[in-house]
1. May I ask you to order 181-194, 301-314 by the average number of other C-beta atoms within 10 Å around their residues, highest value first?
2. Starting from the amide H of Tyr205, placed 1.01 Å from N in the peptide plane, find each other amide H under 5 Å away whose residue is 5 or more places distant or on another chain.
3. DSSP loop trypsin sites (Lys or Arg not before Pro) in segment 199-295 with at most 15 other Cβ atoms within 10 Å of their Cβ, which ones?
4. How far apart, in nanometres, would the label points at Arg245 and Ala11 be if each is projected 7 angstrom from Cα along the Cα-to-Cβ direction?
5. Taking a ≥ b ≥ c as the square roots of the eigenvalues of the Cα gyration tensor of segment 62-109, is the shape rounded (a/c under 1.5), prolate (a/b larger than b/c) or oblate?
6. What is the percent carbon and sulfur in the accessible area of segment 197-242, measuring with a 1.4 Å probe over the protein chains and ignoring ligands?
7. Spelling out what I want: for every residue of segment 337-343, take phi, set θ = phi - 60°, compute 6.51 cos²θ - 1.76 cosθ + 1.60 (Karplus), and round to whole Hz; glycine and proline get x.
8. How do 34-45, 347-358 rank on mean C-beta neighbours within 10 Å, highest first?
Amino acid sequence: MSGLARALTQAGRLTAAQADALQKKSAADKVQFIDSLVTSGLIDSRGLAVFCAETFGYPLMDLSTFNVAMLPPKIIDDKLMQAQRVIALAKRGNKMSVAISDPTNMQALDQIKFQSEASVEPVIVQHDALLTLLAALGKSAEQSLQDLAGDGADIEFAEEAAETVVDQANDIEDAPIVKFLNKILMDAINLGASDIHFEPFEKFYRIRLRVDGVLREHAQPPITIRDKLVSRIKVLAKLDISEKRVPQDGRMRLVMSPVKTIDFRVSTLPTLFGEKTVMRILDATQAQMGIDALGYDPDQKELLLDAIQRPYGMVLVTGPTGSGKTVSLYTCLNVINKPGINISTAEDPAEINLPGVNQVNVNDRAGLTFPVAL
């Protein structure tokens, strides 16, 4: 018999036969005892909440008077909140108040305590009001995301199926997240952005695109999706989704068509309110544009071609993000990339793959620095 059924029976609010019948019904319906109890009509939600508060000595609260906008975000994982049917009401120091309708559900309280590393203080609320608020919280984030994503584009990522671990996929491969990320990537490519910034803050989550060297706000999705969105990106970039304490770097490839792919360089950085993620968009076709497409004046073009053809010396290419440094350098390499010439590069990291060029990725941790590579 569950803890709640035992307490009700001992208090004379249910007979042993009633409690046993409800217990069997809940097992058959694969629901919790409290669900069968409330739907049976033997005791209403209000009466049950008062009984639990008086019997177990916890405070009683009317959820209808609570300002939902004051709920602290992301103290409890969304899936755990929905599965265990608890809502974090407030957190002060190491103490967290949680709304719960069945205080005998020790599994829920223990899991929240383990995940949040906080002392959990139950607050009794009516069961039906709790379920209504949980449904609203779960629906609002998902609905907002679907509104932002629209129909979403089904796009293909190179080697995604082979590299995605089943357990990871179960956690983050939900359709709204996938469609939303696909839309953001396609928007960035269509707008000619060089970078995508995913930035978590205390009260909101922001996505910005760098277009023509300037960052512009593009979207503000629900803050509840920040961890799922980062995890989705990490899986695609073959990063460790369980490691959130240190920065990580990776790559991913988006297949636009049989003849065109877009590479993304992915960097994550732990911040105060979650992991910031930046994606650099690398279009390999830009490196094949040719020297004439770079927009140099005829005299500048002649000077550059003369400089890169010399057997020794140095060419410095400088400028802010998005000004064309990388494309200019790769274009120059393509100009001199002929069978009779040996070309090696030292890059941090190699952004665009150039067939015929020996590209070296600098790795400071392994001791492969720029001087060593040279």
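1. 181-194, 301-314
2. The list, which skips near neighbours in sequence, is Ile223.
3. Counting only loop positions with at most 15 other Cβ atoms within 10 Å, the trypsin sites (Lys or Arg not before Pro) in segment 199-295 are Lys203, Lys238, Lys244, Arg245.
4. The answer from the label model is 4.4 nm.
5. Rounded.
6. For segment 197-242, the apolar C and S fraction of the accessible surface comes to 45 percent.
7. Along segment 337-343, the couplings run 7, 10, x, x, 10, 9, 10 Hz.
8. Top to bottom by mean Cβ count within 10 Å: 34-45, 347-358.
The values are calculated or read from the model by the stated rules, or taken from the named source; none is laboratory data. This one's a predicted model, so the numbers in the text were calculated from it and none came from an experiment. Every residue, glycine among them, receives a Cβ derived from its backbone with ideal geometry; neighbour counts consider all protein chains shown. Only protein heavy atoms, including side chains, enter the accessible area calculation; ligands, DNA and RNA are left aside. Shrake-Rupley method; radii C 1.70, N 1.55, O 1.52, S 1.80 Å.
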